[in-house]
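Notes to accompany the following structure.
The values are calculated or read from the model by the stated rules, or taken from the named source; none is laboratory data. Values in this document were obtained by computation on a predicted structure and should not be read as measured data. Note that we place each Cβ from the backbone using ideal geometry, even for glycine, and neighbour counts take in every protein chain shown.
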Amino acid sequence: MTKRVVIACGAGLATSTMILEKVQGILQEAGIDFSISQSQIYELDSYDGKADLFVTSMKLDETKYKTPIVVGTPFLIGVNEEEAKEKIINILSK
Amino acid sequence: MYVETDLVFYNLPVLDQNELFDFMADRLEKKDYVTEGFRDAIKKREKEFPTGLQLQDMNVAIVHTEAMYAKTEKLVVIKPEQSITFKNIENLEPIEVDLVFGLILNNSEEHLEILQKISQLLQQETIIQSILNVTSKDELTNFMQQHFNKTNH
């Protein structure tokens with residue numbers, strides 16, 4: 001089944017674009033069938049429960065969302081990237 | 001050309017975010033690169049969605065607004081004289097920022113390219129070291145122009 005991933009940041013323009021590039025590569029490499037879109041953080045409510053994963057530029061209150069969230073900052077700064085990558089693959093392999 | 005010589009500032013004497021954003025808005029309005037709403041929009045955005053990034057050896061901020069306030073695609077580079085307090089994008093903790101990138105993005109096709117180049121820059125230790133070693137406006141300008149402008153026509 002196609003996994004639906006939403007990448008979100010404040011404006012849905014800059015940091016989410018940088019994160020999206022990385023996540024796309026990870027999912028392709030992992031052989032996961034996916035669709036990916038970009039949004040602003042305040043729009044996430046409308047995707048909640050419908051998407052399989054949110055990757056966000058900032059930490060959100062995870063208890064507020066049904067969709068699991070991974071913080072994508074490691075992909076911006078190149079620190080702890082492996083850990084975030086594993087989390088993403090784990091969530092989408094379920 | 002993303003990085004223009006007169007949009008690179010070395011040892012800029014600004015004390016806080018407000019002064020920094022006013023300075024940026026003044027310069028960009030003069031060049032007609034942003035709309036009138038830019039000044040307030042960039043302040044508001046940074047407050048709501050901070051853009052401070054904690055790299056291994058340096059903290060940077062990648063400040064920007066929604067695309068509607070930009071008339072072009074440019075990159076403003078500011079090395080403040082003293083570090084400026086921002087908030088970490090990830091956990092909203094305060095961090096001291098030594099280099100500010102002002103992303104003027106209007107969502108054209110070029111904006112992907114500029115973001116990819118920033119992404120590369122942030123993730124390469126050697127590049128960050130070179131930036132830390134810069135000692136003049138000329139060096140900073142040359143460095144940024146080489147990195148960001150080289151594939152341009």
Determine whether the range B:106-127 contains at least one residue that is part of a strand (DSSP E or B) and within 9 Å of another protein chain (Cβ to nearest Cβ).
-> no
Name the single residue, out of those in the range B:59-78 being surrounded by 18 or more Cβ atoms within 10 Å (Cβ to Cβ) and of a type in the set (D, E, K, R), that is farthest from B:ILE127 (Cα to Cα).
-> B:GLU66
Restricting attention to the range A:53-89, which residues are part of a loop (DSSP other than H, G, I, E, B) and of a type outside the set (Phe, Trp, Tyr)?
-> A:SER57, A:MET58, A:LYS59, A:LEU60, A:ASP61, A:LYS66, A:THR67, A:PRO68, A:GLY72, A:GLY78, A:VAL79, A:ASN80
Going through the range A:1-38 one residue at a time, which ones are within 14 Å of chain B (Cβ to nearest Cβ), farther than 11 Å from A:VAL55 by Cβ and either charged (D, E, K, R) or in contact with a Gly (Cβ under 7 Å, 6 or more places away or on another chain) (or both)?
-> A:GLU21
Which condition does B:LEU92 not pass, out of (1) touching a Pro at 6+ places or on another chain (Cβ under 9 Å); (2) at pLDDT 95 or above, if it passes all the others?
-> (2)
Search result, residues across the range B:100-119 that are touching a residue at least 12 places away in the same chain (Cβ under 8 Å), closer than 15 Å to A:LEU20 by Cβ and either surrounded by fewer than 14 Cβ atoms within 10 Å (Cβ to Cβ) or not aliphatic (A, V, I, L, M) (or both) | B:ASN107, B:HIS111, B:GLU113
Checking A:LEU20 against (1) touching a residue at least 12 places away in the same chain (Cβ under 8 Å); (2) assigned to a loop (DSSP other than H, G, I, E, B), which single condition isn't satisfied?
-> (2)
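What number of residues within the range B:36-53 are touching a helix residue (DSSP H, G or I) at 6+ places or on another chain (Cβ under 8 Å) and part of a helix (DSSP H, G or I)?
Final tally of qualifying residues: 6.
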Going by the conditions given, is B:VAL77 more than 10 Å from every other protein chain (Cβ to nearest Cβ) and either at pLDDT below 95 or assigned to a strand (DSSP E or B) (or both)?
-> yes
Given (1) in contact with a Leu (Cβ under 9 Å, 6 or more places away or on another chain); (2) more than 27 Å from B:ALA67 (Cα to Cα), number of the condition A:THR63 does not satisfy = (1)
Out of all the residues in the range A:72-88, which are small (Gly, Ala, Ser) and away from chain B (no Cβ under 14 Å)?
-> none
Would you be able to tell me the number of residues in the range B:87-121 that are over 23 Å from B:GLN145 (Cα atoms) and touching a helix residue (DSSP H, G or I) at 6+ places or on another chain (Cβ under 7 Å)?
-> 2
Find all pairs meeting these conditions: Cβ atoms under 7 angstrom apart; at least six residues apart or on different chains; first residue within the range B:54-67 and more than 7 Å from chain A (Cβ to nearest Cβ) and part of a strand (DSSP E or B); second residue buried (at least 18 other Cβ atoms within 10 Å of the Cβ) and small (Gly, Ala, Ser).
-> B:ASN59/B:GLY52; B:ALA61/B:GLY52; B:VAL63/B:GLY102
Within 24 Å of B:ARG45 (Cα to Cα) and within 11 Å of chain B (Cβ to nearest Cβ) - does that describe any residue in the range A:63-71?
-> yes
One residue from B:GLU46, B:GLU29 being free of Cβ contacts under 8 Å to residues at least 60 places away in the same chain and within 14 Å of chain A (Cβ to nearest Cβ) | B:GLU46
